[in-house]
Each structure stands twice: as C-alpha cells, then as structure tokens.
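The structure appears right after this line, and notes come after that.
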Amino acid sequence: MRALAAGCALLLLACTPEPEPPARRWTAKDLIAGAAGHKSFGGFDAATLAVPDGAPLPFRGPPYEATPVLNATGPALAVLPAFAAGQTASYVVTELWQSQPDPWAQPVYLQVKAYEANTPFAARISDSHNVFPVGLESTFYTPFWQMQIAELDATVAPAGYQSASEVLRGEKSLHPGPTVLCPIVENIAGVAVGVDEGAPRRPLSFEGLAQPQASKGWVNGTLVDYLLLGTDRFSVVDEATVKEVPMYVWVQQADDGSLTPLALPAVLSDEAWHETLARRNEVVLGGKMAVFVPDGLEDLRSALLAAGVSAPHPAAVTADFAKQYLLRVAADGACFTSTGGPGSCTWLDSQAAIEDARATVVSTDVLLTVATLQLGAQVLK
C-alpha cells in the first residue's frame with residue numbers, strides 16, 4: 001500500500017507544488033532553486049524540470065524501473081520523455097513565461113576579422129567569445145538569438161570586445177547568421193545523467209542522447225555560461241517575435257471541472273524539432289482513452305488505476321514495442337486486447353492526432369522553451 005501511495009504521488013503532479021504567482025518569468029537558475037521545494041512554475045513542478053545533484057531523475061526508477069536512478073551531473077536540467085509526430089521524443093525546459101508578452105529574438109554577436117560569405121566563421125577572432133546584449137537580469141532576456149557576424153578591424157585585440165556597445169562601435173560591417181538557441185545558465189552542469197550511465201538518456205525507452213555543448217560569452221563585460229542547443233531551432237514572425245507552437249500536457253478533470261496534471265509524457269508539436277517556443281495546452285484524458293503499460297510493470301499500472309486512469313492489461317507485445325509505446329495514450333483502450341492487439345491502436349501521439357480526436361483542450365497563458373534533444377532517430381549533436 002505504501003508503494004502504491006508513492007506511485008500515486010508521482011502520477012498526480014499537482015498535489016504538492018505551491019501556487020505560482022501571475023506574470024512571471026523563470027530561467028534555468030530558478031528551476032534549480034525551486035526543485036528541492038517542489039515549487040510550481042507555470043503549472044509544472046520544478047522538480048520534474050531540473051534536478052539537484054544526487055536527486056532522483058524524473059520518469060526513472062520505481063515504478064518505471066526496478067531501481068532508483070540518481071543524478072550524477074551536479075545541478076542539471078532534467079531530460080523528459082515525450083511523443084511527437086508519432087515518434088518518441090525527449091526534451092529539456094530552460095525557461096518559462098506566464099502572462100508575459102511573447103518572447104522575441106535578440107542579436108548575439110560573433111566577432112571575426114574578415115567576413116567571407118561561404119565560410120563566415122573561419123576568421124573568428126582567436127580568443128573572443130560571443131557577445132550577448134542582455135543577460136538573465138534583464139526583462140528582455142530570452143534564449144532565442146539572431147546571430148550577427150561582426151567584422152571588426154584587424155587590429156582588435158585577440159580577445160575581441162566584451163559588450164554589445166563595444167561591438168557596435170568597432171564593427172566595420174554586420175552580416176546576418178543563423179538563429180541560435182542558447183539559454184544562459186548559472187551554476188548548471190548541463191543535462192542530467194544517471195549514476196554510472198555516462199550520457200543522458202530518454203526515460204522509459206532509454207535512447208542515448210548527447211550532452212549539449214557548454215560555452216562562455218560576454219554580457220556587458222561579465223563572462224557568462226550558456227548551452228548551445230542548436231541552430232535554426234525557431235522561427236521569427238512580425239520582425240522579432242518568436243513563433244509559438246502547441247505542447248500538450250495530459251490532465252485529469254474532476255467533477256467540479258478542476259484539472260490535475262498527470263505524470264505522462266507530453267505530446268509536442270509536429271514542428272517540435274525546429275520550433276522550440278511552446279504554449280502549454282492541457283488535454284483531458286477521458287472517455288475511452290487509455291494508457292499503454294505492458295505486462296511486467298504492475299506497480300505502474302496499479303498507480304495509474306488508483307489515480308483513476310485507464311490502463312488495461314494489453315495483449316503480448318515485443319520488448320521493443322513495450323519500450324517505444326510505454327505511457328503512450330490510445331484513443332480507445334479496447335484496442336489493447338482486440339484481434340490486432342496494441343499495434344492496431346489509434347494513438348494520440350502527435351499534434352495532428354490530438355486535433356483529429358477532438359479532445360478537450362484548454363489553452364493556458366504559459367509559454368516555455370522546449371528544446372527537443374531527440375525525435376525518433378534524430379539526436380541533437
């Protein structure tokens with residue numbers, strides 16, 4: 001009974017977090033600070049988004065695995081499982097905004113001695129760092145940057161400039177580069193890795209992931225740390241506003257209409273690899289919907305059932321199918337034991353599938369950076 005109660009606590013994520021204040025922005029630094037106290041940021045328990053050193057990793061250990069899996073990285077961002085475009089996916093969250101204006105892209109300056117269109121990075125000033133115009137303390141900060149390649153005088157010092165104002169005074173010409181997803185972080189070791197695992201993994205199906213590149217840059221003369229989460233990871237509309245896409249979080253609806261988040265993998269936009277600003281949408285798990293749990297994970301099934309979630313015993317499946325479909329939601333759980341078995345199910349594992357199912361979806365005022373690390377066989381390097 002004690003194990004069952006613990007499982008229920010895992011599955012009903014909104015039981016313990018404190019209410020969040022309106023009109024806020026939270027960075028990766030805030031997520032780490034709030035994780036130990038299970039602070040609620042934009043409806044998310046901070047302990048599911050970031051993990052202190054030695055803390056359990058979300059969606060790892062009991063009731064998902066036999067033994068606990070602890071973070072061995074230092075304070076880090078948690079890898080979370082999801083589904084997108086019908087495939088497994090994994091992601092990290094680096095910032096959230098609630099009741100805030102839409103984030104917009106800012107310039108970041110790469111310093112070069114000579115600009116060549118075909119090889120724009122070849123003449124980078126040897127000891128220079130990228131220069132950001134604002135940092136975490138600014139209300140204008142976002143992790144969305146439009147690279148500007150600044151061609152400087154050849155006599156500039158090997159370390160280059162250390163502030164945006166210096167770059168703009170000293171540049172001979174500016175040339176647009178790619179968009180870059182670079183959250184500025186503070187006292188964060190990167191992406192969480194389990195003890196003895198060596199590299200991040202997607203929970204539930206255990207695909208191996210790469211640790212994002214960490215680097216340093218300048219903000220008004222102060223050296224800061226940032227993570228490079230890829231180029232061309234977002235689009236800009238209306239000059240500087242970052243395009244948003246939906247993210248679907250599964251919730252339970254009580255008789256009084258209140259919604260309780262469930263510990264199930266989110267469903268990301270069908271554009272999730274290239275669009276990383278997402279709006280939290282809450283999709284009600286109800287009707288004939290059911291969650292796939294293969295035989296052998298009975299503590300997990302019991303916890304779901306105790307939480308009021310349908311998770312019937314399925315027909316036999318292969319070990320690979322079990323890993324790839326664990327906690328995936330089917331539109332009608334009757335398919336689990338039909339003639340075709342779980343392989344015949346209609347799965348709600350994509351934006352298009354949720355829209356086609358006409359599920360009850362509640363949009364919120366919460367935006368977040370959803371940096372996809374893996375989508376099917378595609379892995380961020």
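Taking springs between alpha-carbon atoms closer than 10 angstrom, which of VAL267, VAL191, VAL361 fluctuates most in the Gaussian network model of the chain? Checking each option, the largest mean-square fluctuation is seen for VAL361. Note on the chain: GNM, Cα springs under 10 Å; of LEU268, LEU110, LEU297, the largest mean-square fluctuation is that of LEU297.
Spatially close Lys pairs in the chain, defined by Cα atoms under 26 Å apart and a spacing of eight or more places or different chains, total 11.
Modelled spin labels at ALA199 and ARG24, positioned 7 Å past Cα toward Cβ, are 3.6 nm from each other. R0 = 41 Å: FRET efficiency of SER173 with LYS381, Cβ-based, nearest 0.05? The value I calculate is 0.85. Kindly list the residues of the stretch 204-224 that lie in the label zone of ALA157, defined by a backbone N under 17 Å from the point 7 Å along the Cα-to-C-beta vector. Answer for this model: 217-224.
Relative to the longest principal axis of the Cα atoms of the chain, the long axis of helix 2-11 lies at roughly 50 degrees.
For the stretch 106-184, averaging the sequence separation of C-alpha pairs within contact (under 8 Å, six or more residues apart) and dividing by the residue count gives a relative contact order of 37 percent. Taking other residues whose beta carbon is less than 13 angstrom from the beta carbon of SER350, and scoring Lys, Arg as +1 and Asp, Glu as -1, yields -4. When the helices of the chain are scored as -39500 (n - 2.57) per DSSP H run of n ≥ 4 and the total is divided over every residue, the value at 222 nm lands at -3500 deg cm²/dmol.
Dividing the C-alpha radius of gyration of the stretch 231-381 by 2.2 N^0.38 Å, with N its residue count, gives 1.13.
Note on the chain: antiparallel DSSP beta bridges, both residues inside, total approximately 75 percent of the bridges counted. Across LEU77, LEU223, LEU262, mean-square fluctuation computed from a Gaussian network of the chain (C-alpha pairs under 10 Å connected) peaks at LEU223.
All of the numbers you see were taken from the coordinates with simple rules; none came from a lab. Fair warning: this is a prediction, and the values are worked out from it, not measured in the lab. So basically every Cβ, Gly included, is an ideal-geometry build from the backbone, and we count neighbours across all protein chains shown.
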